[in-house]
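Quick notes on the structure that follows.
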Amino acid sequence: EFRRVLFRSNVGEAGENQRSPNIASLLEEILDQEGWEVGNPIALFVEGTGRRNSISYDNEPNLAPRLIIYGSVSEFPFVDFPISESGLWRFEDNGLEPPTDWTTLEYDDSSWDFGQAQLGYGDGDELTTLDFGDDPMDKHISYYFRTNFNVVDPSVYDELILRLLADDGAVVYLNGEEVLRNNLPEGEIDFETLALADVDGSNELEFHEFTIENSLVVGENILAVELHQANASSDDISFNLSLEGNVILPP
């Protein structure tokens, strides 16, 4: 009996030989379609000859196969409700407190930068890196985020489901009113207010779900979030959020 033994010396490699051809032109064709929005899924089917084994590792992001897409957006998009994870947000990361009306629709945020969530620094999984200042032992305490979106008929929703990833503390405002406060003290807060506790370990990767009152309005709405560190020497910060409507069906 003849037995053939294959020595797989390239197991675990992730170099040039393991990369697919550049598929930027295919992705551009998809993104240019009418109705495309940030957060939409993309399905790709790869055909060809030969054999390639690509293994996905559960709970090991550094070992999983990756599709990396680099792109740019010249204008901040106006999206429809619901708000998806990994959406685009305008942000202010200069370490200063914005004007008091920064949570309202009337506030002009055109000078703010914008980028795709997850936003943050220090963990290696962020899509948009925030600035923490010049001193790594005295970083910015607070960061501010805004996104506008359109709602056709808010009356169809009984309540709203908000999923938040925040390292460390956050306050969420919908149309200028506070709807959620997480890991921050009660009362008035400012850009120097510290979060109550440091978020670490697996908690840094978890979305926490909250049910909030439906205060959406017909037409343009504004969702604003302020994110706070627990201490000025923290080595990371993270933000991501989704918001969707929930319909409670009668029995």
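The values are calculated or read from the model by the stated rules, or taken from the named source; none is laboratory data. Quick caveat, the model's predicted, so the values are computed rather than measured. Here Cβ is always computed from backbone atoms with ideal geometry, including for glycine, and neighbour counts include all displayed protein chains. Only protein heavy atoms, including side chains, enter the accessible area calculation; ligands, DNA and RNA are left aside. Shrake-Rupley method; radii C 1.70, N 1.55, O 1.52, S 1.80 Å.
Remark: spin-label model distance residue 209-residue 29 equals 3.8 nm, labels positioned 7 Å along the Cα→Cβ axis.
Residues 239, 132, sorted by accessible area with the largest first, give 132, 239 [1.4 Å probe; ligands and nucleic acids excluded]. Against the criterion of solvent-accessible heavy-atom surface with a 1.4 angstrom probe, 249, 162 sort, most first, into 249, 162. Once all protein chains are placed together, residue 208 keeps about 80 Å² accessible to a 1.4 angstrom probe. Name the GluC sites (Glu not before Pro) in segment 149-215 that are in a loop by DSSP and that have at most 10 other C-beta atoms within 10 Å, would you? Within segment 149-215, the qualifying GluC sites (Glu not before Pro) (loop, at most 10 other Cβ atoms within 10 Å) are 186, 188. Inter-label distance, residue 84 to residue 125: 1.9 nm, where each label sits 7 Å from its Cα along the C-beta direction. With R₀ set to 35 Å, the beta-carbon distance separating residue 20 from residue 202 gives a calculated FRET efficiency near 0.65.
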